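Everything on this sheet refers to the single structure shown next.
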Number of protein chains: 4
Amino acid sequence: MTLTLDAAQTIIKVALDHGRAANFKPLGIVILDIRGAVKAAVLQDGSSLSRFDIARAKAKACLAFDRGTRAFEKIATDRLHFFIGAASAVEGGLVPVAGGVLIRDKNGTILGAVGVSGDTSDNDEAAAVAGINAAGLVADGG
Amino acid sequence: MTLTLDAAQTIIKVALDHGRAANFKPLGIVILDIRGAVKAAVLQDGSSLSRFDIARAKAKACLAFDRGTRAFEKIATDRLHFFIGAASAVEGGLVPVAGGVLIRDKNGTILGAVGVSGDTSDNDEAAAVAGINAAGLVADGG
Amino acid sequence: MTLTLDAAQTIIKVALDHGRAANFKPLGIVILDIRGAVKAAVLQDGSSLSRFDIARAKAKACLAFDRGTRAFEKIATDRLHFFIGAASAVEGGLVPVAGGVLIRDKNGTILGAVGVSGDTSDNDEAAAVAGINAAGLVADGG
Amino acid sequence: MTLTLDAAQTIIKVALDHGRAANFKPLGIVILDIRGAVKAAVLQDGSSLSRFDIARAKAKACLAFDRGTRAFEKIATDRLHFFIGAASAVEGGLVPVAGGVLIRDKNGTILGAVGVSGDTSDNDEAAAVAGINAAGLVADGG
C-alpha cells in the first residue's frame, strides 16, 4: 500500500477545515511520501515566509527516525547535541516539535508523514491527526 | 492583489483535470507565491523521485527573471554560460524549458508562478495555462 | 517487493568480480533504494576522490526520471540546457552517462538503481548489469 | 598503509554479524577513508530514511577532529556553541554521539573511520569496534 494523492488531498482538506473551525493561525501543511518527496502541500493565506520549510522539516524528522515529532522532541531536548548533529546531517533540516505525524496504514506500515506548522505545536498536530484519520489511515504523532 | 490559496487550489485542480483528460503521464505541479514560497503542490501517483524538484525549479526560473520558461529557454540556449551560472547561483536551481508559467492578474502584476513537470514540456505548459485561466488569472508562459 | 541488502550485496560482489575479471580500472559502485537512500556502496582501492559522488549521481539520475542513464544521456545531449537545469535542481546532482542502471523486479517495478563509475561508461554499465542479473533482478540501463 | 576495500568489507561483515547476534535494530554502517570518501556502506533492511546520513556524519565527525565521537560528545556538550558552529561548517554535518570510531593501524596512524547508527549509541559503537578488531586494525572510539 502506498500513499495516494487522493489520500493526501483528503488529509490536507480536513486539516485545513480543522484549523479554520478552531480559528488557528495560518497553517503550512506538507505531506511527504515514504521517499521523502513532497506529495502535496498548501500554505494558508497570511503565512510567514518559511512556513513551508518548517512544516516540511517536521515531516522529514518523522521519516528520518520513523517516529512522530512529539517523541522526537523528547530526544531533542534530552540530548540536544545529538539533535543538532542530526539536523546538520539531513538535507532540509529537522524540526523537533509536535506537528510532525507519521502516516501509517492499518497494519502499521509507514506510508509517509505530515508536517503542520503555523499555530501552537499541539494545535498543528491536532490538525494533522484530524486529516489522517479522515483519510482512513493511522496517525502516529510519537 | 495576492495569490490566494483558493486560486492556487483551483489552478492545481484544473491542471490535474487537464492532464487526466489528455492522458498525460503523472505530473508534479508546484505553485510559488511572489516570495518564492511553495503555496501549493501535488505529485500524481507514479511520479518519479525528483518530479517535485523539477517542477519547483521551473516555477523558480519564472520568478528569478520575471518571465515564463518558454522565453527563458531561448536565453538559456542562446547564452548557455549565463544560464549555467544563474542555475548555480539560485537555491534549488532553475529548469529552463516550457512548463514554468507566470501567474499575473488582469493588470499584468505578477502574483506567482506555476511549474509543471511530467509529460512533454508543451503539455506541461498547457496544463499550467488551463489551471491559471480557470482561476480567472492571466498565464504568461514566456 | 523491495530491494533487500542481500540482493544489494550480491549486485556489488558480482559487479566487482566482473570488473576484476575484465581488468577494469578501480570502480565506485553505489546502490540506491527507491527512496534514493544509499543501500550499499564500495570504492575499489585506488579510486579517485569523487568516485562515490559520481557513481551516486548516476544512480540518482535513474531514479530522478525512472530511466537508465544510457537513455538519459541522449536527453542530456539533445537538450543540454534541460539537463543542466535538472542537475541544478536535484540534491547531489545528476550524471548523465551510461553506468546508471535501474533495478526492476520481474514485473517491471522499480526497486532502486545502481551507479558504477571508474572505467569507460560502457564498461561501468556492464558491471552493473552483471550484478543485477546475478541477483535475479532485471537491469534497465535505458 | 591505507584502508583497503578488503578491510572495509570485513569491518562491515563483522559489524553486521555483531548486530544480528545481539538483536540490534537495523543498522546503517558507513566507512570513510582518510579523505572522507565513502569507502563502503550498507543499510540493513527496515532502516529509516536518514540512517545513512546519520552514520556518515558520525564517521565524518571522527575525521573532522581526529577523535572518536565518544570523546567528541564531551566537547559537543561542554562547548555546545562550538559544536553547532562546526556542524554548520562541515559538508554533510557532524553527529557527536558514540558510534563513530576511528580506524587506526598498529602504529596509531589514522586510516579512516566507521560510523554506525540504528540502535543505542553504545551498541552502535560496539558493532563498529567488533568490525575494526576483526580486520586486525585498532578501534578508537574516543
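The values are calculated or read from the model by the stated rules, or taken from the named source; none is laboratory data. All values derive from a computational prediction rather than experimental measurement. All Cβ positions, even for glycine, are placed from backbone atoms using ideal geometry, and neighbour counts span all protein chains on display. Ligands, DNA and RNA are stripped out before the accessible areas are found, and what is left, the full protein with its side chains, is counted by its heavy atoms. Shrake-Rupley method; radii C 1.70, N 1.55, O 1.52, S 1.80 Å.
For segment A:3-25, does any single residue satisfy the condition of being closer than 30 Å to D:Gly100 by Cβ, of a type outside the set (S, T, N, Q) and in contact with a helix residue (DSSP H, G or I) (Cβ under 6 Å, 6 or more places away or on another chain)? If you could, list the steps in order and put the result at the bottom.
Step one: of segment A:3-25, the residues closer than 30 Å to D:Gly100 by Cβ are none.
The answer is no, given that none of the residues of segment A:3-25 is closer than 30 Å to D:Gly100 by Cβ, of a type outside the set (S, T, N, Q) and in contact with a helix residue (DSSP H, G or I) (Cβ under 6 Å, 6 or more places away or on another chain).
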field: So D:Ala113, is it facing chain A (nearest Cβ under 10 Å), buried (at least 24 other Cβ atoms within 10 Å of the Cβ), under 22 Å from D:Thr2 (Cβ atoms) and in contact (Cβ under 8 Å) with a residue 60 or more places away in the chain
entry: no
query: Identify, please: which residue in segment C:81-100 is in contact with an Asp or Glu (Cβ under 6 Å, 6 or more places away or on another chain), more than 10 Å from chain B (Cβ to nearest Cβ) and not small (Gly, Ala, Ser) and is, among those, most open to solvent (accessible area, probe 1.4 Å)?
result: C:Val97
message: Can you tell me how many residues within segment A:54-70 are in contact with a helix residue (DSSP H, G or I) (Cβ under 8 Å, 6 or more places away or on another chain) and either closer than 15 Å to A:Leu3 by Cβ or within 11 Å of chain D (Cβ to nearest Cβ) (or both)?
response: 4
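For segment B:22-44: of the residues being in contact with a Lys or Arg (Cβ under 8 Å, 6 or more places away or on another chain) and either at the interface with chain A (Cβ under 7 Å from one of its Cβ atoms) or without any contact (Cβ under 8 Å) to a residue 12 or more places away in the chain (or both), which is surrounded by the most Cβ atoms within 10 Å (Cβ to Cβ)? Full working, then the answer.
Of segment B:22-44, the ones in contact with a Lys or Arg (Cβ under 8 Å, 6 or more places away or on another chain) are B:26-28, B:30-33, B:36-38, B:41-43.
Still in the list and also either at the interface with chain A (Cβ under 7 Å from one of its Cβ atoms) or without any contact (Cβ under 8 Å) to a residue 12 or more places away in the chain (or both): B:37-38, B:41-43.
Details: B:Ala37: 18, B:Val38: 24, B:Ala41: 26, B:Val42: 27, B:Leu43: 29.
It comes out as B:Leu43.
Residue check: is A:Phe65 over 28 Å from B:Leu49 (Cβ atoms), hydrophobic (A, V, I, L, M, F, W, C) and open to solvent by 10 Å² or more (accessible area, probe 1.4 Å)? Give the derivation first.
Details: over 28 Å from B:Leu49 (Cβ atoms): no; hydrophobic (A, V, I, L, M, F, W, C): yes; open to solvent by 10 Å² or more (accessible area, probe 1.4 Å): yes.
When the stated conditions are applied, A:Phe65 does not pass them.
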statement: A:Asp78: passes all of (1) among the charged types (D, E, K, R); (2) surrounded by fewer than 19 Cβ atoms within 10 Å (Cβ to Cβ); (3) within 10 Å of chain D (Cβ to nearest Cβ) but (3)
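Given the structure, is A:Ala15 more than 14 Å from chain D (Cβ to nearest Cβ) and touching a residue at least 60 places away in the same chain (Cβ under 8 Å)?
On the way: more than 14 Å from chain D (Cβ to nearest Cβ): yes; touching a residue at least 60 places away in the same chain (Cβ under 8 Å): yes.
Taking the combined requirement at face value, the residue satisfies it.
When residues of segment C:119-135 are filtered for being open to solvent by less than 10 Å² (accessible area, probe 1.4 Å) and among the small types (Gly, Ala, Ser), how many remain?
Result for segment C:119-135: 3.
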query: Can you find even one residue in segment C:3-16 that is open to solvent by 10 Å² or more (accessible area, probe 1.4 Å), of a type in the set (Asp, Glu) and part of a helix (DSSP H, G or I)?
result: yes
